[in-house]
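These notes are about the structure you will find just below.
The values are calculated or read from the model by the stated rules, or taken from the named source; none is laboratory data. Quantities reported herein were computed from a predicted structural model and do not represent experimental measurements. With ideal geometry, Cβ positions are generated from the backbone for all residues, glycine too; neighbour counts draw on all protein chains shown.
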Amino acid sequence: MTDNRLGTAISPYLLQHADNPVDWREWGPEAFAEARERDVPVLVSVGYATCHWCHVLARESFSDPGIGELLRQDFVAVKVDREERPDVDASLMASASAFTDQLGWPLTTFLTPEGHVFFAGTYFPPSPVGQVPAFRQILAAVLDAWTDRRHEVDANASAIAAAIRQGAEADRTAPRGAVGGGGAPRLPAVDEIRAVVDQLARAEDTTYGGFGGAPKFPSAPLLEFLSDVAADGGEQASALLDRSLHAIRTTELTDADGGVFRYATRRDWSVPHYERMLYDNAGLLAVAGAEQARGIADFLRDTLRRPDGAFVAAQDSESTINGRRVEGAWYRLPLDERGRLDPPPLDDQVLTGWNGLAIRGLAIAGARHGDAEMIALARGAADAIVAGHLTDGHVAVRSSTPRGTSTAAPTIEDVGLLAEGLLELALVTGAVHYAEVARSLVADGLAGRFDADPVLAAAGTVTGEQPQTAVRSGTVALAGAAATLAALTGDQSLRAAAASLVADRAVTGTERTFGHADALGVALALGRPSREVVVVTSDPDDPMRSAALAARRPGTTIALVTPTQARAWAAAGFELLTGRADDDGAAYVCHDRVCALPARSADALSAQLSDASR
């Protein structure tokens with residue numbers, strides 16, 4: 001007997017479990033109301049569509065009719081797609097950290113009907129392996145505790161929920177980055193931020209490149225921080241960045257078609273974990289050299305791009321060969337032989353925030369390397385997301401698939417990453433409408449216009465966005481977008497808001513860099529005097545455009561516009577562009593919007609920029 005309710009789900013991950021002999025429910029108040037009525041615990045299993053070990057757990061346990069019957073009788077079983085509901089995933093991860101430091105997906109949690117976690121783990125095998133119990137043993141132990149030691153269950157659940165609630169309350173009320181319990185936000189000093197590179201140098205794997213041992217991740221936010229310090233004159237950071245990018249580019253972590261896998265299971269970057277995520281590849285675009293960036297852009301274009309221009313979330317690690325699902329086999333074939341087999345399936349979910357990250361990466365790489373197709377890809381994604389996921393300049397949809405739009409509420413990741421991506425695209429194309437949408441998104445983000453998940457809100461376990469090592473934070477991206485808007489509009493309250501958003505994370509990052517590197521990059525930009533560079537030219541090949549882009553560094557905003565575009569920016573309230581429309585073939589170097597006399601050649605502009613950097 002089954003009452004699986006995932007058949008109409010939007011999420012591809014949930015649909016993968018629609019045929020399980022498990023009475024799966026989607027996350028929501030209804031599942032917890034059923035648990036209260038039946039007085040049973042709630043199993044919440046979290047994963048995503050291209051997760052290899054999620055597939056393994058599904059084949060071994062969730063396809064087992066006996067386990068399905070056990071779950072039907074004694075639990076309410078809930079499936080969560082961590083891509084669709086990152087707020088739920090963040091809250092459950094925070095609770096799971098009380099039980100294990102080996103966090104990841106699949107995430108297996110057990111909750112009271114009030115929504116409080118009382119036990120958690122990750123993957124559990126069908127039979128015991130060493131000290132790891134079998135999944136059936138876990139279910140039996142949880143049920144035994146629920147039936148015979150309910151007071152212990154309630155006490156544990158309440159203590160964990162209280163700790164999360166206290167942490168979230170402290171984060172909401174503490175002055176961000178303040179010293180001594182009060183005062184304005186305190187960003188780390190520039191020298192403190194640059195000194196973090198010494199810590200990273202000590203953590204470098206000097207044999208194989210990258211940082212730490214196995215597993216080895218590309219860690220795009222960390223590499224972008226190194227890129228920021230390198231652009232700020234840090235030679236050590238530049239060398240670290242180059243060695244890491246070389247390792248990623250020349251080892252098994254990069255596929256023959258240019259796409260980058262999620263991580264390598266061995267220290268020497270071999271034996272990849274074969275799923276390929278949009279966010280890893282998009283993040284690397286912002287720092288990669290020309291050849292590497294071109295390969296990644298080709299992968300996005302040829303594999304993850306939909307006909308409307310938006311990008312889907314990922315490509316699976318497994319392909320079907322001779323009727324069996326096999327991890328990595330398709331990728332291990334030469335490119336010219338892959339066409340005879342079906343490729344690994346796609347996670348066809350279009351996520352607003354991840355597309356914002358791709359727009360940003362493509363815009364940065366396209367401008368840096370003079371690659372018009374990358375910028376066209378960024379525009380295609382931007383137009384698709386603005387048309388399909390936004391309403392009147394506000395994010396209305398977090399996730400969509402060809403089957404419809406998800407009911408999951410947009411998060412700060414969607415608002416911040418999209419705002420930052422649209423601003424980068426506006427600055428390199430001169431198209432002001434992208435900046436106008438970004439300005440609306442930043443206003444929403446700073447106003448905190450996000451709907452808390454009702455189950456988490458009722459349980460008091462809303463954690464907010466948690467620091468990550470793989471994906472640029474939406475909070476940090478919102479800060480970056482706000483700082484850029486401050487340079488464009490002259491509204492210094494936006495710069496103060498940016499500092500407030502990243503101060504705590506940056507202060508923590510000076511001691512614990514992994515997970516906070518993106519905040520350190522924005523803090524470095526805020527620690528430098530604001531510099532603005534505006535190039536006004538009708539000639540798309542004007543060498544002044546390249547000269548300006550070569551001056552990209554933390555704290556510098558670069559706008560490339562035609563005279564007509566400059567007029568549109570000024571009319572839209574971006575004061576930096578006021579009065580620039582009547583001077584075709586001119587470039588302005590400004591500090592806090594106080595500008596020097598215009599330069600009229602690339603050499604003259606480079607000289608001004610060099611003088612200003614001393």
>> Consider the range 103-132. How many of its residues are within 33 Å of the chain's Cα centre (by Cα) and more than 18 Å from A459 (Cα to Cα)?
In response: 13
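For S538, are the conditions met, namely being among the small types (G, A, S) and more than 24 Å from G366 (Cα to Cα)? Don't jump to the end; show me each part of the working.
Numbers: among the small types (G, A, S): yes; more than 24 Å from G366 (Cα to Cα): no.
When the stated conditions are applied, S538 does not pass them.
Among the listed residues L92, L143, L103, which satisfies the condition of being crowded, with 22+ Cβ neighbours inside 10 Å and of a type in the set (A, V, I, L, M)?
L92
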> For the range 445-473, how many residues are crowded, with 19+ Cβ neighbours inside 10 Å, over 27 Å from L111 (Cα atoms) and out of contact with any Pro (no Cβ under 9 Å at 6 or more places or on another chain)?
Replying inline: 2
> Mind checking which pairs have a first residue in the range 426-437 that is assigned to a helix (DSSP H, G or I) and a second that is β-branched (V, I, T), Cβ under 7 Å, 6 or more apart or different chains?
Replying inline: A426/V432; L427/I558; V428/I375; T429/I375; V437/V386
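Can you tell me which residues in the range 541-575 are β-branched (V, I, T) and part of a helix (DSSP H, G or I)?
Within the range 541-575, the first condition is being β-branched (V, I, T), and the residues that meet it are 556-558, 561-562, 564.
Across the range 541-575, the qualifying residue is only T564.
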>> Which of the numbered conditions does P467 fail, given that it passes all the others? Conditions: (1) without any contact (Cβ under 8 Å) to a residue 60 or more places away in the chain; (2) part of a helix (DSSP H, G or I); (3) under 16 Å from the mean Cα position of the chain (by Cα).
In response: (2)
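Per-residue answers, yes or no, for (1) among the aromatic types (F, W, Y); (2) in a helix (DSSP H, G or I); (3) modelled with pLDDT of 95 or more:
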site: V287; (1), (2), (3): no, no, yes
site: R301; (1), (2), (3): no, yes, yes
site: P307; (1), (2), (3): no, no, yes
site: D336; (1), (2), (3): no, yes, no
site: D342; (1), (2), (3): no, no, no
site: A358; (1), (2), (3): no, yes, yes
site: G361; (1), (2), (3): no, yes, yes
site: A367; (1), (2), (3): no, yes, yes
> Which of the residues that make up the range 369-408 are in a strand (DSSP E or B) and more than 19 Å from S440 (Cβ to Cβ)?
Replying inline: S399, S400, T401, G404, T405
> Of (1) more than 26 Å from T207 (Cβ to Cβ); (2) acidic (D, E); (3) surrounded by fewer than 24 Cβ atoms within 10 Å (Cβ to Cβ), D347 satisfies all except one. Which?
Replying inline: (3)
> What number of residues within the range 445-457 are under 19 Å from the mean Cα position of the chain (by Cα) and either part of a helix (DSSP H, G or I) or modelled with pLDDT of 95 or more (or both)?
Replying inline: 2
> Any residue at all in the range 20-29 that is in contact with a His (Cβ under 8 Å, 6 or more places away or on another chain), at pLDDT 95 or above and either crowded, with 22+ Cβ neighbours inside 10 Å or among the hydroxyl-bearing types (S, T, Y) (or both)?
Replying inline: yes
